[in-house]
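The values are calculated or read from the model by the stated rules, or taken from the named source; none is laboratory data. This structure is a prediction, so every number in the text was calculated from the model and none was measured. All Cβ positions, even for glycine, are placed from backbone atoms using ideal geometry, and neighbour counts span all protein chains on display. Ligands, DNA and RNA are excluded from the accessible area calculation, which covers all protein heavy atoms including side chains. Shrake-Rupley method; radii C 1.70, N 1.55, O 1.52, S 1.80 Å.
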Amino acid sequence: MSKLFSFSGSDNFFPGGSIYPNPKESSLFFSLGHHVDVYFPHHKRSRISPPIVFSGERVEKKNPSIEILPDECLFEIFRWLPGGQERSSCACVSKRWLTLVSNIHRDEINDNNKGGVVSKVEDQDVEGDGYLSRVLEGKKATDVRLAAIAVGTASRGGLGKLSIRGSNSTCGVTNVGLRAISRGCPSLRVLSLWDSSSVGDEGLFEIADGCHQLEKLDLCLCPAITDKSLLAVAKGCPNLKDLTIEGCANIENEGLQALARCCPNLKAISIKDCPLIGDQGIASMLSSASFTLTKIKLQALNITDVSLAVIGHYGKAVTDLSLISLPNVSEKGFWVMGNGHGLQKLKSFAVTSCRGVTDLGLEVVGKGCPNLKQLCLHKCAFLSDKGLVSFAKTASSLESLQLEECHRITQFGFFGSLLNCGAKLKAISLVNCYGIKDLNLGLPSVLPCKSLRSLSIRNCPGFGDASLAALGKLCPQLQHVELSGLHGISDAGFLPLLETREADLVKVNLSGCVNLSDKAVCIMADLHGWTLEMLNLEGCKISDASLVAIAKNCQLLSDLDVSKCAITDSGIAALACSNQIKLQILSMSGCSKVSDKSMPSLRKLGQTLLGLNLQQCKAISSSTVDLLVEQLWRCDILF
């Protein structure tokens, strides 16, 4: 062969080693490419050749790096890792690796470990228990953080609750982030999306495809989400129990109909400010989930009396019903709902700003809901004393009555409801009811309402001493009393309330009663001090004398508010000298006569204090506050 090719040497092919004395020359030769027909010895060849850099006449090799691998190769490597801890570690290397790891679907993970590699920390079940919760708000709500959550929680028990509130204006949450959650968090049970304008149907498609255990879905101000998302959730998440939709302008009736058909466990719905949802969607959902739906909240919707008629007929399992700002619902709707005889299990009923709540409508609801225990009426402009008293006569199971901004309700309706309610009424509340006037009604001799335990009257300017004295006789078992912002209350009306008690007071709120003085507080401390646990005297006309009486008699008192009162250092010292009182909360905001001299007293009280409010105490210096903050390390101090 040497003669044939005219060269001297052995007849054998080169057996091994380099055929060039300079290795760089061989590199240049063999870098010509695979199309050059040359012979090369049997050496193992690298699958990925390291990059070559030409610098003048020199040829330099860079150190090999895994980063030159394409995404497909890295993805294949990551899915063969033996455990979630290893994948989490890889995800920490770079955003590129994080993105790749977070896109591995649970079905793509190779967990056979045929090669004998075992993770140091044995992973839990892939789905996990789903006991971890994560909340992303504002600037922190990004796709990168969602990917990190998806990877990081997979091997640590599993993500169960995820709440996204708002979104980063430049790189906020999109469908890509939800895709990472769907692939890495199959145990997700609760998902809340608030003000996420960049999330659309594709994101919820991913959730429906990967998170089949989803039980609660909350969508608020998500304009890009349509019925298609709800259709996907209905098919992929049959365990859905709780649905909240608010301010989603592109969701219509079809989505609700699909959820009603495919989610047999649906128990609670809340729909607010969705202009495309009407009677058809509500009626379909109610009729399909008649025996499972227990809680319904409808607010600012374009529904009519038809929806209320369906609720009254098909709401056989409904226990909580809230109707807010429904302008197209009339008196007829409430009448039909009450006569539907389907709300036999209704226990809580709240109505706000619905013109259909009239005397007739409320009376019929009372007759049709025999187990109603709580009624809350807010801004019911057409409800009068007659309707309230008629309702009280029929609602024999009523335990709590709340009236707010119902200006046609007067003393006659208020006291009439007390006299005619059954023996189960425990709490009554009046808030901003301007129809109340302080009249001496001369109540007839009737049996007192001994079941009532809680009375709350706030910001009703017409409520005065005469009404309070009558209440004291009518309700001798009161334990919780709130009389807030009532300028017409004075010692003359409050003392009869104290003296007619058959039960001792436990919680008393007299904030804003500017005409109550030390006399009333001292008598209250003397008669009921041994049971008082909470006392609010903000803005009352009291002095150190009240604090002395409190320190002497109120052994169980844990919460005291004397803000905007004329107390001094002497009053604080009296509290500190008491060996019986163990205050946990003390508020003295706006007490301008309390100075740095109270430092030793506050330090002693701080042995039990958990909260101290010193705001607007201008006579207390910042240095004193700093010392208190340093020494009372268990106490949360506002200044």
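Cross-link reach is defined here as a Cα-Cα straight distance under 27 Å, omitting same-chain residues fewer than 8 places apart; for LYS139 the lysines meeting it are LYS95, LYS161, LYS216, LYS272. Each label point was placed 7 Å from the Cα along the Cα-to-Cβ direction; for GLN580 and ARG355 their separation is 5.9 nm. Listed values for segment 256-271 are Karplus-derived 3J(HN,Hα) couplings in whole Hz (6.51 cos²θ - 1.76 cosθ + 1.60, θ = phi - 60°), namely 5, 5, 5, 4, 5, 6, 9, 10, x, 9, 4, 10, 9, 9, 9, 10, and x replaces Gly and Pro.
Wrap a convex hull around the Cα atoms of segment 310-435, take a quarter of its surface area, and give that in square nanometres. Orientation-averaged projected area of the Cα hull: 6.3 nm².
Between PHE639 and GLU533, the contour length at 0.36 nm per residue exceeds the Cα-Cα span by 35.7 nm. When the GluC sites (Glu not before Pro) in segment 494-555 are filtered for DSSP coil states and for at most 16 other beta-carbon atoms within 10 Å of their beta-carbon, the remaining sites are GLU502, GLU533. Rounded, prolate or oblate: which fits segment 426-527, taking a ≥ b ≥ c as square roots of the Cα gyration tensor eigenvalues, rounded meaning a/c under 1.5, else prolate when a/b beats b/c? It comes out rounded by the Cα gyration axes.
Show me the GluC sites (Glu not before Pro) within segment 229-314 that DSSP assigns to loop and that have at most 13 other Cβ atoms within 10 Å of their Cβ. All intermediate terms of the calculation are to be shown ahead of the outcome.
Details: sites: GLU246, GLU252, GLU254; in loops: GLU252.
Within segment 229-314, no GluC sites (Glu not before Pro) qualify (loop, at most 13 other Cβ atoms within 10 Å).
Taking 0.36 nm per residue of separation and subtracting the current Cα-Cα distance, fully stretching the chain between LEU610 and GLU499 would add 36.6 nm.
Spin-label model, SER397/ALA423: points 7 Å from Cα along the beta carbon direction are separated by 1.8 nm.
Suppose we take every Cα in segment 480-591 and form the convex hull; what volume per residue is that in Å³?
Numbers: hull volume 8.8 nm³, N = 112.
It comes to 78 Å³ per residue, whole-number rounded.
Note on segment 287-358: with neighbouring protein chains present and a 1.4 Å probe, carbon and sulfur make up 56 percent of its accessible heavy-atom surface. Taken along the Cα-to-beta-carbon direction at a fixed 7 Å, the label points for LYS597 and LEU627 span 1.5 nm.
Using a Förster distance of 25 angstrom, determine the FRET efficiency expected from the C-beta separation of LYS332 and THR244, and round it to 0.05. Plugging the Cβ-Cβ distance into 1/(1 + (r/R0)^6) gives 0.30.
Between ALA381 and SER163, 0.36 nm times their residue separation minus their Cα-Cα distance comes to what? Mind dumping the intermediate values first?
Values: separation 218, 0.36 × 218 = 78.48 nm, distance 3.78 nm.
Separation in residues times 0.36 nm, less the Cα-Cα distance, equals 74.7 nm.
Here is the list for segment 546-597: trypsin sites (Lys or Arg not before Pro) lying in DSSP coil, each with at most 14 other C-beta atoms within 10 angstrom of its C-beta, are LYS582. Estimated from the Cβ-Cβ distance and a Förster radius of 25 angstrom, the FRET efficiency linking ASN265 and ASP209 is about 0.80.
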